[in-house]
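Chemist: Below are the structure tokens for one structure; questions will follow.
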Amino acid sequence: MNDIGIHCSRPKGAFYAFADVSEYGNGEEIAEKLLSDAHVAATPGSAFGPSGNNFVRLSYAISQERIREALERIGNCLL
């Protein structure tokens, strides 16, 4: 995510990334946009409490090839 310009701290043991999308909208707006425009499913960070409003959670429990494809789609959708 950081390589495409979206701030994301390195996960510590989980297979989820919590990405800061505040530059593009709130987590709910961006999760909806990613699903409808990029066909990438993300969970709005608000599902994990009010401090997550500007984040989306993305699972990376999938092949490297699919991750690269999803990152390309996310970049094309948001950047």
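Readers should treat all values here as calculations from the given coordinates under stated rules, not as data from a laboratory. The structure presented is a predicted model; accordingly, all values stated were derived computationally and were not measured. Note that we place each Cβ from the backbone using ideal geometry, even for glycine, and neighbour counts take in every protein chain shown.
Chemist: Taking only the range 64-79 into account, find how many residues are surrounded by fewer than 16 Cβ atoms within 10 Å (Cβ to Cβ) and of a type in the set (A, V, I, L, M). It would help to see each step written out before you state the result.
Modeler: Going residue by residue through the range 64-79, those that are surrounded by fewer than 16 Cβ atoms within 10 Å (Cβ to Cβ) are 64-69, 72-73, 75-76, 79.
With the extra rule that they be of a type in the set (A, V, I, L, M), the set shrinks to 67, 79.
Number of matching residues: 2.
Chemist: Among Ala31, Ala61, Ala14, Ala41, which is surrounded by fewer than 16 Cβ atoms within 10 Å (Cβ to Cβ) and within 12 Å of the chain's Cα centre (by Cα)?
Modeler: Details: Ala31 fails: surrounded by fewer than 16 Cβ atoms within 10 Å (Cβ to Cβ); Ala61 fails: within 12 Å of the chain's Cα centre (by Cα); Ala14 fails: within 12 Å of the chain's Cα centre (by Cα).
Going through Ala31, Ala61, Ala14, Ala41 in turn, the sole match is Ala41.
Chemist: Within the group Ala70, Ala61, which residue is of a type in the set (Gly, Ala, Ser), in contact (Cβ under 8 Å) with a residue 40 or more places away in the chain and at negative phi? Steps first, please.
Modeler: Details: Ala70 fails: in contact (Cβ under 8 Å) with a residue 40 or more places away in the chain.
Going through Ala70, Ala61 in turn, just one is of a type in the set (Gly, Ala, Ser), in contact (Cβ under 8 Å) with a residue 40 or more places away in the chain and at negative phi: Ala61.
Chemist: Give just the number: which of (1) touching a residue at least 24 places away in the same chain (Cβ under 8 Å); (2) assigned to a loop (DSSP other than H, G, I, E, B) does Gly13 not satisfy?
Modeler: (1)
Chemist: I'd like the residue in the range 17-28 that is in a loop (DSSP other than H, G, I, E, B) and either touching a Gly at 6+ places or on another chain (Cβ under 8 Å) or of a type in the set (Asp, Glu) (or both) and, out of all such residues, is surrounded by the fewest Cβ atoms within 10 Å (Cβ to Cβ). Reasoning before the result, please.
Modeler: Step one: filter the range 17-28 for residues in a loop (DSSP other than H, G, I, E, B), giving 21-26.
From what is left, the residues that are either touching a Gly at 6+ places or on another chain (Cβ under 8 Å) or of a type in the set (Asp, Glu) (or both) are 21, 23.
Values: Val21: 26, Glu23: 12.
Applying the filter and picking the extreme gives Glu23.
Chemist: Looking at Ser36, Ser46, can you tell me which residue is of a type in the set (Gly, Ala, Ser) and without any contact (Cβ under 8 Å) to a residue 12 or more places away in the chain? Lay out the reasoning, then the answer.
Modeler: On the way: Ser46 fails: without any contact (Cβ under 8 Å) to a residue 12 or more places away in the chain.
The unique qualifying residue is Ser36.
Chemist: Would you tally the residues in the range 44-58 being surrounded by fewer than 18 Cβ atoms within 10 Å (Cβ to Cβ) and either in contact with an Asp or Glu (Cβ under 8 Å, 6 or more places away or on another chain) or assigned to a loop (DSSP other than H, G, I, E, B) (or both)?
Modeler: Adding up the residues that qualify gives 3.
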